[in-house]
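A short worksheet on the structure shown next.
The values are calculated or read from the model by the stated rules, or taken from the named source; none is laboratory data. As the structure is a computational prediction, the values presented were derived from the model and not from experiment. Every residue, glycine among them, receives a Cβ derived from its backbone with ideal geometry; neighbour counts consider all protein chains shown. Heavy atoms of the whole protein, side chains included, go into the accessibility calculation; ligands, DNA and RNA do not. Shrake-Rupley method; radii C 1.70, N 1.55, O 1.52, S 1.80 Å.
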Amino acid sequence: MNVYERKFEQVLKKVQKPARYIGNEFNSVHKENFEKFVKFAFCFPDVYEVGMSHLGMKILYHMMNERIDTVCERVFAPWVDMEEELRKADIPLLSLESHMPVSSFDIVGFTLQYEMSYSNILNMLDLANIPLKSKDRGENMPFVCAGGPCAYNGEPLADIVDFFILGEGEEVNNEIIDAFKEWKESGENRISYLERISRIEGVYVPSFYDVKYKDDGTIESVKPNRTGVPEKIKKRIVKELDNGYILDKMIVPFMDIVHDRITLEIFRGCIRGCRFCQAGYLYRPVREHSTDKLIETAQKLIDNTGYEEMSLSSLSTSDFTCLQELVDRLLEITVDKRINLSLPSLRVDNFSMELMEKVQTVKKSGLTFAPEAGTQRLRDVINKNVLEEDLLRTAGIAFGGGYNRIKLYFMIGLPTETMEDVEGIADLAEKVIDVFYQIPKEIRKGRSVTVTVSTSSFVPKPFTPFQWEPQNRIEDLVAKQKFLKERIKTRSISYNWHQSHVSFLEAVFAKGDRRLGNVLVEAQRLGCRFDGWDEHFDYEKWLDAFKKCGVDPEFYAYRKIDHSETLPWDHIDIGVSKQFLVKEHDKAYEEKTTPSCREKCSGCGATSFGGGVCFE
Amino acid sequence: MSKWRLKFSKLGMGKYISHLDLLRTFTRSIHRAEIPVRYSQGFNPHQLITFSLPLALGVTSETEFVDIDFEDTVSPDEILTRLNKNLPPDIKILKVSQPIFKAHDIVSAKYIIDIIAPRVILKEKIESFFEQENISATKKTKKGEKEINLRDFIKEVKVVSLEGNAFRLDALLSAGGEANIKPDIVVAKLQEYLNSSEFESVDIHRVEIFFENDKKIESFC
Ligand code: SF4
């Protein structure tokens, strides 16, 4: 037992949900002799029940712990009540497994899943007594690294993070651990470790690059400041998923977490190419697991977890080539064990309704569709290939099959959007309702129907064809929300929308550059944390932080950027060419759609990885 | 007879596993252990698992009991070994036997309470707290808060050791359906009485559960 453990244990009496902090869950890995390992602290900058629902963390956690020379322990952001107690009792941030201070680890790795978790990263470093800026970290301090989708443009964190891992971590994580051992033996200084790993493909050491700015605030150049580091850093992927690390066990938490079930990853990437969707470009090319491997893995996961639910995971379940076969075979091994199978993100078609009937034996809960835009014109602009008639037909089938609740997801503030498009959202929802009443009373369930319309605000993201687009101003978004709210007359439609202030900051940090580092430091100092949680998000504090640092957030979110401008993330190579994104951007304005990778390759550049759908 | 009573311990950080979470933990451990178990009838079938006397959050224990309906095909030995392989480390099955006594008849539970106070405390002072006729306290119930005389719930307390600012109590407190009290209320009231600022540490451990059988008090098993 270390010095803090006793105090820590006592503090837990005073907080809500102490199970967040205890560790020792089934399948968690606890290694004796902490000191003799390469010590990796895997940090998720959100609360336990959110972080534990994340698949990437589960994969890397078990993978690293299978190494006999490494211990990987989990760290989550303490909820605000716990933070207060920790600070009061002078306990630093501890890992979940051995309750060791995070600062005693060799590598402290954060996963960046959403921009609004950045303040938590700084707050966690602060709680761990690790200097916020990489330049202030001494020779014996841990290295702070970050991976995950937001790391592709991690520039706002460039002063904070020692190195980024770009792409899928399975191979790179092993390589940086190997390099760590070699470096440790060499007795060389801190910089030398960073130099060693900067030669590993997929590793980006931001301090090895100098950014020059023009007078108008745009970027003049981003150049390596030493020899031996690449001009462009290319992301890493696992070429053959079946040959990569296979996750066949998962920690089974005590408390209820957001996704408390088996997650079976069926493929990575997406063939669709919706123009607003960052994931659709970041994870190219599409690579699938074989059905045989999936069944084998599913069986092991069932045996090793005892979970009563299994959910398939991918960006778009329907696009799995052998979905029918997979579902049939999964049902064979789940039904007898009373395990529910759930298929999220199914596309709208007859086939998916049939599948749904098969797996949903018990409850007919609501259905969810994401047309994203209200008119066909705008759906063509964003390359969301959902036709109105398809949606209505499926709604009809669903209502006929006993459903009477439908959720529709849209975005407002998309490029080229007019009020007509916004109105289209209400029209579409009304048409869905009409479909319900056209069905004979004897067949449909219930007397009435509820359609829930949810709108989020469009956030332009790096590495998408819309990366050059300005975001709608907050006032405009609010006006559109208000317009839509007034336009919705019937009480069968309920409307909810996302806070536009959050979306604005998301855009700022998604497309931000290194000058935002100071803003993050200031925001943490002002007490910003858990910005993804409505009850803790404090917009005024953020504005204050921007003002104090002399940074204009609108520069990042509201500026229409020219194709010729150097972007803060141009030195990062995700395998999809900038040329392709320009072409897609132009096509959006021509209202022309682009076929999916399986219909026709559009030459995005991802063939360079030498695998996946491009070679099917 | 397929209903078995499992005696188990809940130690270490396991004390922060809530009652609901513990139920889920058992359900999933049984799944993993592949022990055939009976399910309830009805719309939402669940395993038939009943805890004899729920343990307060933050308390460790070496005598917890849970009744589970298994299929006839498994032996008690098998249940014990297979389940222990599949339970998280802080929970351990100690014994599997046929339930004889009813949880309904439970009347009290014995706790060992270790306290470290911020300053030296006199034994007499602690004893005088428990000698009071009336200790008013508020008890949280399902319906809200209720004023009670805590003394009615304290059956017996001994200061078994005291050294400087650390002391240990043996406390027999009312438990079960009729009159149940959480040991932490007693500790909180004691702290208040001693005029102490917050105790530096409090460790509460349940050692035994008692029930009434033919007017006699016996150890529950
Ligand atoms: S190269 Fe072609 S097939 Fe491969 S991801 Fe790009 S568009 Fe799709």
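List pairs: first in the stretch B:140-166 and on the phi > 0 side of the Ramachandran plot, second open to solvent by 50 Å² or more (accessible area, probe 1.4 Å) and not in a strand (DSSP E or B), Cβ under 6 Å, 6+ apart or cross-chain? These pairs meet every condition: B:Gly164/B:Val120. The set of residues in the stretch A:237-250 that are surrounded by fewer than 20 Cβ atoms within 10 Å (Cβ to Cβ) and in contact with a Phe, Trp or Tyr (Cβ under 7 Å, 6 or more places away or on another chain) contains only A:Lys239.
When A:Met141 is tested against (1) open to solvent by 10 Å² or more (accessible area, probe 1.4 Å); (2) among the aliphatic types (A, V, I, L, M); (3) in a helix (DSSP H, G or I), only condition (3) is not met.
Scanning the stretch A:239-255 for residues that are within 21 Å of the chain's Cα centre (by Cα) and within 16 Å of the ligand (Cβ to nearest atom) yields A:Lys239, A:Leu241.
Beta carbons closer than 7 Å, at least 6 apart along the sequence or on distinct chains, pair a first residue in the stretch A:489-518 that is touching a residue at least 40 places away in the same chain (Cβ under 8 Å) and over 16 Å from A:Tyr558 (Cβ atoms) with a second that is in a loop (DSSP other than H, G, I, E, B) and among the acidic types (Asp, Glu) for A:Arg514/A:Asp159; A:Gly517/A:Asp159.
Yes or no: A:Ile22 within 12 Å of another protein chain (Cβ to nearest Cβ), open to solvent by less than 20 Å² (accessible area, probe 1.4 Å) and not basic (Lys, Arg)? It is true that A:Ile22 is within 12 Å of another protein chain (Cβ to nearest Cβ), open to solvent by less than 20 Å² (accessible area, probe 1.4 Å) and not basic (Lys, Arg).
Is there a residue being in contact with a Ser or Thr (Cβ under 8 Å, 6 or more places away or on another chain), more than 14 Å from chain A (Cβ to nearest Cβ) and open to solvent by less than 20 Å² (accessible area, probe 1.4 Å) anywhere in the stretch B:88-100? First the steps, then the outcome.
Of the stretch B:88-100, the ones in contact with a Ser or Thr (Cβ under 8 Å, 6 or more places away or on another chain) are B:88, B:91-92, B:94.
Still in the running and more than 14 Å from chain A (Cβ to nearest Cβ): B:94.
Checking the rest, the ones that are also open to solvent by less than 20 Å² (accessible area, probe 1.4 Å) come to none.
No.
Examine the stretch A:99-122 for a residue that is in contact (Cβ under 8 Å) with a residue 60 or more places away in the chain, within 23 Å of A:Thr70 (Cα to Cα), open to solvent by 10 Å² or more (accessible area, probe 1.4 Å) and assigned to a helix (DSSP H, G or I), and state whether such a residue exists. Yes, that holds for at least one residue. In the stretch A:236-254, the residues that are more than 13 Å from every other protein chain (Cβ to nearest Cβ) and among the charged types (D, E, K, R) reach residues that are open to solvent by less than 40 Å² (accessible area, probe 1.4 Å) and part of a loop (DSSP other than H, G, I, E, B) with C-beta atoms within less than 7 angstrom, at least six apart or across chains, in these pairs: A:Arg236/A:Leu166; A:Arg236/A:Glu168; A:Arg236/A:Gly202; A:Lys239/A:Gly610; A:Lys239/A:Gly611; A:Glu240/A:Gly611; A:Asp242/A:His289.
Can you report the number of residues in the stretch A:147-193 which are under 20 Å from A:Tyr245 (Cβ atoms) and either at pLDDT 95 or above or not in a helix (DSSP H, G or I) (or both)?
Keep residues of the stretch A:147-193 that are under 20 Å from A:Tyr245 (Cβ atoms), which gives A:147-149, A:151, A:165-181.
Imposing the further condition that a residue be either at pLDDT 95 or above or not in a helix (DSSP H, G or I) (or both) reduces the set to A:147-149, A:151, A:165-168, A:172-181.
Going through the stretch A:147-193 one residue at a time, the tally reaches 18.
Listed by position, the strands (runs of 3 or more DSSP E) enclosed by the stretch B:113-203 that each have at least 2 residues that are surrounded by fewer than 18 Cβ atoms within 10 Å (Cβ to Cβ) and modelled with pLDDT of 95 or more are B:154-163, B:166-174.
Selection of helices (runs of 4 or more DSSP H) fully inside the stretch A:355-473 by the criterion of at least 2 residues being more than 31 Å from the chain's Cα centre (by Cα) returns A:388-400, A:419-438.
Out of everything in the stretch A:256-269 that is open to solvent by 20 Å² or more (accessible area, probe 1.4 Å) and away from chain B (no Cβ under 14 Å), what residue ends up being nearest to the ligand (Cβ to nearest atom)? Applying the filter and picking the extreme gives A:Arg268.
Residues of the stretch A:192-210 being open to solvent by less than 30 Å² (accessible area, probe 1.4 Å) and touching a helix residue (DSSP H, G or I) at 6+ places or on another chain (Cβ under 9 Å), which ones? Steps first, answer last, please.
Looking only at the stretch A:192-210, we keep the residues that are open to solvent by less than 30 Å² (accessible area, probe 1.4 Å), and these are A:192-194, A:197-198, A:200, A:202-206, A:208-209.
The answer is A:Ser192, A:Tyr193, A:Leu194, A:Ile197, A:Ser198, A:Ile200, A:Gly202, A:Val203, A:Tyr204, A:Val205, A:Pro206, A:Phe208.
Looking at B:Ile115 and the list (1) more than 15 Å from the chain's Cα centre (by Cα); (2) farther than 23 Å from B:Ser219 by Cα; (3) not assigned by TED's automatic domain parsing to the domain that holds B:Ala171, which single condition is not satisfied? For B:Ile115, the exception is condition (3). Residue check: is A:Arg275 part of a loop (DSSP other than H, G, I, E, B), over 20 Å from A:Met64 (Cβ atoms) and within 16 Å of the ligand (Cβ to nearest atom)? So A:Arg275 fits the description; yes.
Taken together, B:Asp77, B:Asp105, B:Asp21, B:Asp69 contain a single residue that is within 19 Å of the chain's Cα centre (by Cα) and either more than 12 Å from every other protein chain (Cβ to nearest Cβ) or not acidic (Asp, Glu) (or both), which is B:Asp105.
The residue that is modelled with the highest pLDDT, among those in the stretch B:37-60 that are farther than 27 Å from B:Ala175 by Cβ and away from chain A (no Cβ under 11 Å), is B:Arg38.
Consider the stretch A:1-19 and keep the residues that are open to solvent by 30 Å² or more (accessible area, probe 1.4 Å) and in a loop (DSSP other than H, G, I, E, B). The one that is nearest to the other protein chains (Cβ to nearest Cβ) is A:Lys17. Can you tell me which residues in the stretch B:1-18 are more than 12 Å from every other protein chain (Cβ to nearest Cβ) and within 14 Å of B:Ile93 (Cβ to Cβ)? Residues satisfying the conditions are B:Trp4, B:Arg5, B:Leu6, B:Lys7, B:Phe8, B:Ser9. Tell me which of these A:Glu35 doesn't satisfy, since it passes every other one: (1) modelled with pLDDT under 95; (2) under 22 Å from A:Phe143 (Cβ atoms); (3) assigned to a loop (DSSP other than H, G, I, E, B). Condition not satisfied by A:Glu35: (3). Within the stretch A:278-302, the residues that satisfy the criterion of being farther than 21 Å from A:Asn340 by Cα, away from the ligand (no atom under 12 Å from the Cβ) and open to solvent by 30 Å² or more (accessible area, probe 1.4 Å) are A:Glu288, A:Ser290. Listed by first and then second residue, the pairs with beta-carbon distance under 6 Å, at least 6 apart or on different chains, first residue in the stretch A:599-616 and open to solvent by less than 30 Å² (accessible area, probe 1.4 Å), second basic (Lys, Arg) and more than 6 Å from the ligand (Cβ to nearest atom), are A:Gly611/A:Lys239; A:Gly612/A:Arg287.
Looking only at the stretch A:484-536, residues that are within 23 Å of the chain's Cα centre (by Cα) and farther than 22 Å from A:Gly154 by Cα come to 8 in all.
In the stretch A:498-518 there is no residue that is open to solvent by 10 Å² or more (accessible area, probe 1.4 Å) and farther than 28 Å from A:Ser119 by Cα.
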